[in-house]
Amino acid sequence: MTDHARQRAEMVRRQLADRGIEDEIVLTAMSEVPRHLFVSADMRIAAYDDRPLPIGEGQTISQPYMVARMIEAAGVKPGDKVLEVGAGSGYAAAVLSRIAAQVFAIERHAALAAAAASRLADLGYGNCRILSGDGSAGLPEEAPFDAILVAAGGQHAPEPLKQQLTVGRRMMIPLGGEDVQRLCSFTRIGRDKWQAADLGGVRFVPLIGAHGRWDEED
């Protein structure tokens, strides 16, 4: 077993399982994806630390626990079609691709999107597409989605994303102010009915786009 593999196994045990992540499918997916390949060479020493890490363009790769928690809370399962908003380095999309049948991930920074797409191709994760664009508008041509995960915070859940969710399934999104948000789930229980739940405090980068926190970036 390599050093990175040992670090990853320890991450899954101590940061995830010991902190309440119970879904074995999620734990297995987290154990398979090499997080150190989703950060720059100078950050690889910290790749399996219990914290987010910078990836450029003012963005971060999320804390491993937060990635696992959102996937578990969203109820992602084999056979699903999933949308991720805020792909960043592509790490969460890679984990999702080890569970779901199809993953579409949108990143507004073209350079990050291109790097993430290349990374996933190199890893052979062919069931995941990384797209550059405004994630707040979703991807209507591929909807509906069985789960939607938004890795950026806003003041409200964008209506286009809510409308692209399969009835009976769940969207995860951080809502609140610029510094601190609440991780919220929205379960679609009817054509125009959603059930919301608050899963606790979190901190994410802003959701920027036509249906995000701001209409345009300052």
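Observations on the model:
- Positions within region 178-200 being in contact (Cβ under 8 Å) with a residue 24 or more places away in the chain, assigned to a strand (DSSP E or B) and within 19 Å of residue 140 (Cα to Cα), in sequence order: 186, 188, 194
- The listed residue being surrounded by fewer than 17 Cβ atoms within 10 Å (Cβ to Cβ) and in contact with a His (Cβ under 8 Å, 6 or more places away or on another chain), out of 141, 159: 159
- Residues of region 105-118 satisfying the condition of being over 16 Å from the mean Cα position of the chain (by Cα) and buried (at least 18 other Cβ atoms within 10 Å of the Cβ): 115
- Filtered residues of region 142-156 (kept if at pLDDT 95 or above and either part of a strand (DSSP E or B) or farther than 24 Å from residue 115 by Cβ (or both)): 143, 144, 145, 146, 147, 148, 149, 150
- Breaking point among (1) within 30 Å of residue 140 (Cβ to Cβ); (2) assigned to a loop (DSSP other than H, G, I, E, B); (3) β-branched (Val, Ile, Thr), for residue 21: (1)
- Residues located in region 184-205, provided they are exposed (fewer than 11 other Cβ atoms within 10 Å of the Cβ) and either under 15 Å from the mean Cα position of the chain (by Cα) or of a type in the set (Asp, Glu) (or both): 192, 198
- Candidates are the residues of region 119-137 that are small (Gly, Ala, Ser) and part of a helix (DSSP H, G or I); the one that is farthest from the chain's Cα centre (by Cα) is 121.
- Checked against the criterion of being in a strand (DSSP E or B), among the polar types (S, T, N, Q) and either more than 22 Å from residue 198 (Cβ to Cβ) or at pLDDT 95 or above (or both), region 163-177 contains one or more residues that satisfy it.
The values are calculated or read from the model by the stated rules, or taken from the named source; none is laboratory data. Keep in mind that this is a model prediction, so the values were computed, not measured. Every residue, glycine among them, receives a Cβ derived from its backbone with ideal geometry; neighbour counts consider all protein chains shown.
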